[in-house]
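J.: Structure incoming, see below.
Every read-out reported here was derived from the displayed coordinates using simple, explicitly stated rules and does not represent laboratory data. Model, not experiment: these values are computed from the prediction. Quick reminder, even Gly has a Cβ in these numbers, built from the backbone with ideal geometry, and neighbours come from all protein chains shown.
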Amino acid sequence: MGFLKSIFVIVFLVVINLSISTSALSNSCISIYDIEPLAEDIYFLELINRARANPEAEANLYNIELNEGVNSSSTISNTPKQPLAFNLNLYKAALQHSEDMLEKDYFSHYTFPTNDSPQDRVVAQNYDYYSGENIAINMSTGPLSINQNTAAYHHEMLFVDEDYPNRGHRVNMLTNFHKEAGVAFAHGDWEKYPNAVVSTSDFGRGEKSAYICGVIYDDKNDNQFYDVGEGIKNATLTVVETGESVEAFSAGAYSLGISLGGTYTVEAYLCEYNTSTTKTVSIDSENVKLDFLLSDFIYDTEPSDDPVDPSDDPNNPVDNNACKSLSISEVIAPQTVEELESVPVKVSSGNMSELPFSFAKGSFLNIDIALLCYTEPVDAYIAVAFPDGGIYFLSENGRLTSSAFPAFSINSTESNSIALTFSPVPEGYYAIYWAVVPTNGGDIFSVKWESYSELGYFFHLIE
């Protein structure tokens, strides 16, 4: 079951429905962002950009005419529309609204009960160029999660726009003066339905004159299109002529603002592969899409999922066959069960095929964690994120607490493990996050959690 909603406003006499660059980037393979889009959010935007690149082909894909149901005053041309660059502030506004609609059981462009408009919400996130919004929801009494299929379904709902007056969502999606977008999914219960997925797409006219934008990904299925799980993390994009750089999101999307038209060379550097390549692009007043595939790069080895070992000092050799040496950390975010087998901290489970999982009410949460040994004292912090958004740390005695206590203090070369069961646990999504830090590395509260090793998430719920 799904619903769509939009309303109309006037902007520059055109009827529409409500339809970062950084100068200093980290040299380590760690994300600089405190909040990032999901891979599904990026996939959703890629579908929108696919439609904008060839509107008629997108209509043919869904067996409709491009202007089926569209008011004659809003006719959509088959001319390619400029791609939309992902904007983090628009994303924050979109995510906040998606989560708010689920939390308060409403479906509207206007917040309840404060009646804030989409523009109010976007301005509150320090973005002054709002130009439209689309929202969609589908719900179920059975299993439902945020995944690639759900993202594709929301895109189809909005593009086909069946039974919606004048196909306002389709018109909005293909409006050419949009330059930026922030799209965000949220999952939870809604009204009488135990599972619902909401998407909010907020559009903007652009903070810069134009954008070079795209995705960096490993086309594992050779379909020449970005799919969930293919994004390459820890990539830095630099405009050679201006020196402007931006770090791509972990899911692979990036955007570079350009003030003046011209021909530019863009260098993409993959931190974990320690390699780079360049592409040349010409741009004027409209955005240009520039993707980088892993096959565009030359590299010697696959990236390592082990923590960085900084000890290259010949006076302090490390036995590679001994325990891990840990002085600094890198972000490791496994996306599959297979990838979890190579990380230093493992959360084991049964034969599960996708992450995250959602199970019925009355389930048990089983956590079985094993840590490899280290050559210096370390503290391991383990946190469980519950469906209500609460994050609780595991203490040494196996209890959940809101205080950041280490679950392990490893002072020897012996491995450590912990097995815990919590029952009953509410229905929904769970995630496990953990950080392994030097015991004398400072206060856990004095730095951002992301600066430590967020090694991934995995859990097992048993009926």
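J.: Could you go through the range 170-183 in sequence order and give the Karplus-derived ³J(HN,Hα) for each residue, using 6.51 cos²θ - 1.76 cosθ + 1.60 with θ = phi - 60°, rounded to whole Hz, and x for Gly and Pro?
T.: 5, 4, 5, 4, 9, 6, 6, 7, 5, 10, 10, 8, x, 10
J.: On to the next question. Quick one: which of 101-110, 217-226 comes out on top by average Cβ neighbours within 10 Å, and what's the full order, highest first?
T.: Final packing ranking: 101-110, 217-226.
J.: What translational D, rounded to a whole number of µm²/s, comes out for the range 77-178 from Stokes-Einstein when the hydrodynamic radius is the Kirkwood one over Cα pairs, at 25 °C and 0.890 mPa s?
T.: 161 µm²/s
J.: Within 10 Å, count the other beta carbons around each residue, average over each peptide in 39-48, 87-96, and list them highest first.
T.: Descending mean neighbour count gives 39-48, 87-96.
J.: I'd like the FRET efficiency for T263 and T114, computed as 1/(1 + (r/R0)^6) with the beta carbon distance as r and R0 of 35 Å, rounded to 0.05.
T.: 0.15
J.: Starting at the first residue of the range 139-145, write each ³J(HN,Hα) from the Karplus equation 6.51 cos²θ - 1.76 cosθ + 1.60 with θ = phi - 60°, in whole Hz, x for Gly and Pro.
T.: Going residue by residue, I get 9, 7, 8, x, x, 7, 9 Hz, with x marking Gly and Pro.
J.: Let me ask another. Is the C-alpha gyration tensor of the range 115-248 telling us rounded, prolate or oblate? Criteria: a/c under 1.5 is rounded; beyond that, a/b larger than b/c is prolate, otherwise oblate.
T.: oblate
J.: Between N274 and T75, what length comes free when the chain is fully extended (0.36 nm per residue of separation minus the Cα-Cα distance, one decimal in nm)?
T.: Here the segment from N274 to T75 would lengthen by 66.8 nm.
J.: Along the three principal axes, how long is the range 17-144 when you take its alpha carbons, biggest first, rounded to the nearest angstrom?
T.: Cα extents, longest axis first: 47, 40, 37 Å.
J.: For a quick protection proxy, order the peptides 281-291, 248-258 by their average other-Cβ count within 10 Å, most packed first.
T.: Highest-to-lowest ranking by the protection proxy: 248-258, 281-291.
J.: Anything over 30 Å Cα to Cα? Flag those among K104/K289; K104/K220; K81/K233; K81/K192, in the order listed.
T.: Result: K104/K289; K104/K220; K81/K192 exceed 30 Å.
J.: Tell me the label-point distance for the pair N54, D227, using the 7 Å Cα-to-Cβ offset, in nm and rounded to one decimal.
T.: 1.9 nm
J.: While we're looking at this one, here's another question. From the backbone phi of the range 63-71, what are the Karplus-calculated ³J(HN,Hα) couplings (6.51 cos²θ - 1.76 cosθ + 1.60, θ = phi - 60°) in whole Hz, Gly and Pro given as x?
T.: Coupling constants for the range 63-71: 6, 10, 7, 4, 9, 4, x, 7, 4 Hz.
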